[in-house]
Amino acid sequence: MLEEKSACTRRLALKALEAAVPLLVKSNYQELPVWAEVRTTISRDYTSLLDTARSEKDPHWHQMWAALVRVMNRDLCQGSSIINMFLSIVEAGFRCPELSIREQSFDCWRLLVEVFSNNKQMNLPKRMKLICIPLKSSKSKTETIALKKFDIWWYLLNELSPHLDGLADTIFEPFIYFCFGPSFKPPLCYYFDDSFQEYGAPGKM
């Protein structure tokens with residue numbers, strides 16, 4: 001799919017993989033002996049090809065990323081080596097000057113949050129910190145990206161609703177800053193903590 005030179009063939013292969021994923025996730029494919037080899041190939045070889053596809057502005061790079069993330073599923077949450085390979089692709093997308101690629105990167109991020117949620121990783125401090133990094137960024141001042149960020153924030157709030165009492169600083173306060181920005185007189189933490197200056201209010205995306 002990723003190595004094929006023909007764009008048409010790559011699209012057809014992507015459609016086939018996307019159609020197969022819902023069937024795969026209903027099976028125990030990750031328990032099969034061959035899975036370890038497949039997992040290594042995806043994380044080592046395919047992520048490199050995905051990075052190239054994104055850098056070459058392949059319009060379907062984010063769909064390929066999403067399909068492979070769905071296949072990897074819970075293995076993304078085990079250790080850091082595999083997930084870091086997928087994260088680096090999207091993080092580079094956030095820094096890309098092309099607006100469309102930054103928008104696609106947020107679509108990828110939304111899926112990553114879902115994977116964490118499905119694998120009971122949402123309330124882990126390191127996961128929450130990771131998830132919030134691009135949501136707090138003040139880059140990309142567009143309505144489309146603002147809406148994508150809001151969608152992810154809202155999903156987070158709903159998924160973490162039983163735990164929000166203890167997540168005021170981590171989740172709820174950054175979300176309020178995102179929606180409304182600092183008040184007329186910003187709190188002291190706004191001046192003393194550089195991370196607060198990155199919080200994205202609608203006029204500061």
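The values are calculated or read from the model by the stated rules, or taken from the named source; none is laboratory data. All figures in this text were calculated on a predicted structure; none of them were measured in a lab. Please note: Cβ atoms are built from the backbone with ideal geometry, for glycine as well, and neighbour counts cover all protein chains shown.
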(message) Condition (residue is touching a helix residue (DSSP H, G or I) at 6+ places or on another chain (Cβ under 6 Å), assigned to a loop (DSSP other than H, G, I, E, B) and either modelled with pLDDT under 90 or on the phi < 0 side of the Ramachandran plot (or both)) applied to the range 27-37: is it met by at least one residue?
(response) no
(message) Looking at the range 119-138 only, could you name the residues that are over 15 Å from LEU167 (Cβ atoms) and free of Cβ contacts under 8 Å to residues at least 40 places away in the same chain?
(response) LYS120, ILE133
(message) Consider the range 104-144. How many of its residues are closer than 20 Å to ILE82 by Cα, among the polar types (S, T, N, Q) and out of contact with any helix residue (DSSP H, G or I) (no Cβ under 6 Å at 6 or more places or on another chain)?
(response) 1
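What residue, of ALA146, ALA168, is modelled with pLDDT of 85 or more and more than 24 Å from ASP75 (Cα to Cα)?
Being modelled with pLDDT of 85 or more and more than 24 Å from ASP75 (Cα to Cα) holds for just one of ALA146, ALA168, which is ALA146.
Given LEU23, LEU14, LEU49, which one is touching a Leu at 6+ places or on another chain (Cβ under 6 Å) and either in a helix (DSSP H, G or I) or not hydroxyl-bearing (Ser, Thr, Tyr) (or both)?
Result of the check over LEU23, LEU14, LEU49: LEU49.
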(request) State all residues of the range 144-166 that are without any contact (Cβ under 8 Å) to a residue 12 or more places away in the chain and more than 13 Å from CYS179 (Cβ to Cβ); if no residue qualifies, say none. (result) ASN158, SER161, PRO162, LEU164, ASP165, GLY166
(request) Kindly provide the set of residues from the range 73-106 that are assigned to a helix (DSSP H, G or I) and either charged (D, E, K, R) or more than 17 Å from LEU130 (Cβ to Cβ) (or both), ordered by number. (result) ASN73, ARG74, ASP75, GLU91, LEU99, SER100, ILE101, ARG102, GLU103, GLN104
(request) Among residues belonging to the range 117-161 that are among the charged types (D, E, K, R) and surrounded by 15 or more Cβ atoms within 10 Å (Cβ to Cβ), point out the one that is farthest from the chain's Cα centre (by Cα). (result) GLU159
